[in-house]
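Please read the structure below before turning to the comments.
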Amino acid sequence: IDPFMHATARGVLGNKPASGTEIIQERGEEHQRTGKWIVHTSAGSVFQIAAHEATVPLETLYGWCRTARPLLDPWRVARVIARPFVGTPGQYTRTYNRKDYAMPPPAPTVLERLVAAGVPVIGVGKIPDIFDRRGITEELHTEGNADGIARTAALLERVEHGLVFVNLVDFD
């Protein structure tokens, strides 16, 4: 955590395993007052950085996630996740502006092999993020399960061949 704090010139709140929805309620007000990052992990190999969209602009949050990515590579942390949120103390909610910064796959993936064979691969939801955009010919951001299902249904109407790889973010 020290290299991350040094690189960003900001302190850190949390720095523990925690539910993302719970830690923003627990630390959100202090984050807004101090500008310190809320950093937490979950059951997976992830480094999550939460910030209120009115306190830290999205591009700043994304930029510092990109900075954290190589800092965590020696420990093979799979993903750095930007977890923006909005609201007021006691009423914080996460937004769909989440972005994942994944370690590159260690070898060519099936997705890359499909693309090399001329097969289009459409990543829906956070699929492009998870695969570090490798082997993805088109990507569609979604805002919740209903949006993901609607976008997938529309793809199935227009895609004649290929792979449509979908993540319904609320189910994960």
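Total residues in the range 73-116 satisfying the condition of being within 20 Å of Glu22 (Cβ to Cβ) and part of a loop (DSSP other than H, G, I, E, B): the figure is 10. Among residues of the range 86-102 that are closer than 9 Å to Ile24 by Cα, those with a beta-carbon under 7 Å from a residue that is part of a loop (DSSP other than H, G, I, E, B) and of a type outside the set (D, E, K, R) at least six positions away or on a different chain give the pairs Thr93/Gly87. Just one of the numbered conditions (1) small (Gly, Ala, Ser); (2) open to solvent by less than 50 Å² (accessible area, probe 1.4 Å); (3) not in a helix (DSSP H, G or I) is not true of Ala68: (3). A count restricted to the range 2-53 and to residues that are over 18 Å from the mean Cα position of the chain (by Cα), open to solvent by less than 70 Å² (accessible area, probe 1.4 Å) and hydrophobic (A, V, I, L, M, F, W, C) stands at 4. When Leu61 is tested against (1) part of a loop (DSSP other than H, G, I, E, B); (2) in contact with a Lys or Arg (Cβ under 9 Å, 6 or more places away or on another chain), only condition (1) is not met.
Glu112 fails exactly one of the following numbered conditions: (1) of a type outside the set (A, V, I, L, M); (2) open to solvent by less than 40 Å² (accessible area, probe 1.4 Å); (3) over 30 Å from Ala51 (Cβ atoms). What is the number of that condition? Among (1) of a type outside the set (A, V, I, L, M); (2) open to solvent by less than 40 Å² (accessible area, probe 1.4 Å); (3) over 30 Å from Ala51 (Cβ atoms), Glu112 violates only (2). The residues of the range 136-158 that are in a loop (DSSP other than H, G, I, E, B), open to solvent by 40 Å² or more (accessible area, probe 1.4 Å) and of a type outside the set (Ser, Thr, Tyr), listed by number, are His141, Glu143.
The values are calculated or read from the model by the stated rules, or taken from the named source; none is laboratory data. This structure is a prediction, so every number in the text was calculated from the model and none was measured. So basically every Cβ, Gly included, is an ideal-geometry build from the backbone, and we count neighbours across all protein chains shown. For the accessible areas, the whole protein counts, side chains as well, though only heavy atoms, and no ligand, DNA or RNA atoms are used. Shrake-Rupley method; radii C 1.70, N 1.55, O 1.52, S 1.80 Å.
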